[in-house]
Amino acid sequence: QLFSDFSKAKRDFEAINEFSRAGHRFELTARGKLNTFGLFAELFLNLTRPKGRSGAILPTGIATDGNSSGFFGHIVAKKRIISLYSFENEEFIFPSVHHSFRFAILTIGEGTDSVEFSFFLRQTGALEDERRRFCLTSAEISRFNPNAQTAPVFRTAGDAKIASAIYGRVPILKANSETGKHTQGLEFRQGLFNKTVDSDLLI
């Protein structure tokens, strides 16, 4: 009976996984390691009518995880994101959720090029502190993370302002999309010598 239950659960999971990937309904989030919060986020996006807005409570990973970068990059580029406020559950806003879990309030709309962010909040009242909130344009967001297409994370508006000034003056180590190499000709290595990569030198 236990094996039968396992087989059924495994089959259900594989069926949902295949449906999500092959159904062409979740073009932005049905990739990599599938997670239902990404699918729900894309569903909210697709159900939001022109000039309308929608809000959802999701794991903060919707804006910071690599698997969600396609979705986040899309709503930034298309100017569909209004705001994202990220919380830590350290003070148990949700009592039955682990204290270190991070979740965000994501607001979707259209036609705005200034996105308001706030991170590392522990209570909703912290949103009243203007020092904890900062705004970034889609161009600024892309400038911070041109390859990852994820949200830049700062604790305060002052941190965001300083980083924005630096990124406005200093070139980014951006990879060439055609060659995969960095425009400055840099090469990243795991340590000075690596037994795997440099095995021919260590014979």
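The values are calculated or read from the model by the stated rules, or taken from the named source; none is laboratory data. The model shown is predicted, which means the values in this text are computed figures rather than measured ones. Using ideal geometry, Cβ is built from the backbone for each residue, glycine included, and neighbour counts are taken over all protein chains shown. Side chains included, ligands, DNA and RNA excluded: accessible areas come from the protein's heavy atoms. Shrake-Rupley method; radii C 1.70, N 1.55, O 1.52, S 1.80 Å.
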Check: Say we join alpha carbon atoms closer than 10 Å with springs in a Gaussian network model of the chain; which of Ala139, Ala30, Ala41 then has the biggest fluctuation?
Finding: Ala139
Check: When all protein chains stay in place, what accessible area (Å², nearest 10, 1.4 Å probe) is found for Asp5?
Finding: 80 Å²
Note to self: Quick check: net charge around Ile62, other residues with Cβ under 15 Å of its Cβ, Lys/Arg +1 and Asp/Glu -1?
What the structure shows: +2
Notebook entry, point to check: Do you know the relative contact order of the range 21-150, to the nearest whole percent, from alpha carbon pairs under 8 angstrom that are 6+ apart?
Noted result: 24 percent
Notebook entry, point to check: Modelled label-to-label distance, Phe92 and Phe40, 7 Å Cα→beta-carbon offset: nm?
Noted result: 2.2 nm
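With r defined as the distance between the Cβ atoms of Lys51 and Glu27 and R0 fixed at 30 Å, what FRET efficiency is calculated, to the nearest 0.05?
Approximately 0.85, to the nearest 0.05.
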Item checked: Phi-based couplings in Hz for the range 140-145 (Karplus 6.51, -1.76, 1.60; Gly and Pro marked x) -> 5, 4, 5, 5, 5, 10
Notebook entry, point to check: Where does the longest stretch of the chain lie that holds no chymotrypsin sites (Phe, Trp or Tyr not before Pro) found in a DSSP loop with 15 or fewer other Cβ atoms within 10 Å?
Noted result: 1-91
Check: Mean residue ellipticity at 222 nm from the helices of the chain, using -39,500 (n - 2.57) per DSSP H segment of n ≥ 4 over the full residue count, to the nearest 500 deg cm²/dmol?
Finding: -10000 deg cm²/dmol
Checklist line | Lysine pairs meeting the criterion (Cα under 22 Å, 8 or more apart or interchain), as found in the range 1-131 | finding: 4
Check: Taking the Cα-to-Cβ direction at Phe6 and at Thr196 and moving 7 Å from each Cα, how far apart do the two end points lie in nm?
Finding: 2.9 nm
Checklist line | Within the chain, longest stretch free of exposed GluC sites (Glu not before Pro) [DSSP loop, at most 16 other beta carbons within 10 Å] | finding: 28-109
Note to self: Can you give me the solvent accessible area of Val170 with a 1.4 Å probe, rounded to the nearest 10 Å²?
What the structure shows: 80 Å²
Check: What dipole magnitude, in Debye to the nearest 20, does the chain give about its Cα centre under +1 on Lys/Arg Cβ and -1 on Asp/Glu Cβ?
Finding: 360 debye
Check: Rounded to the nearest 5, what is the percent of antiparallel bridges among the DSSP beta bridges in the chain?
Finding: 80 percent
Note to self: Starting from the 7 Å offset along Cα-to-Cβ, what nm value, one decimal, do you get for the label separation of Leu186 and Phe19?
What the structure shows: 4.6 nm
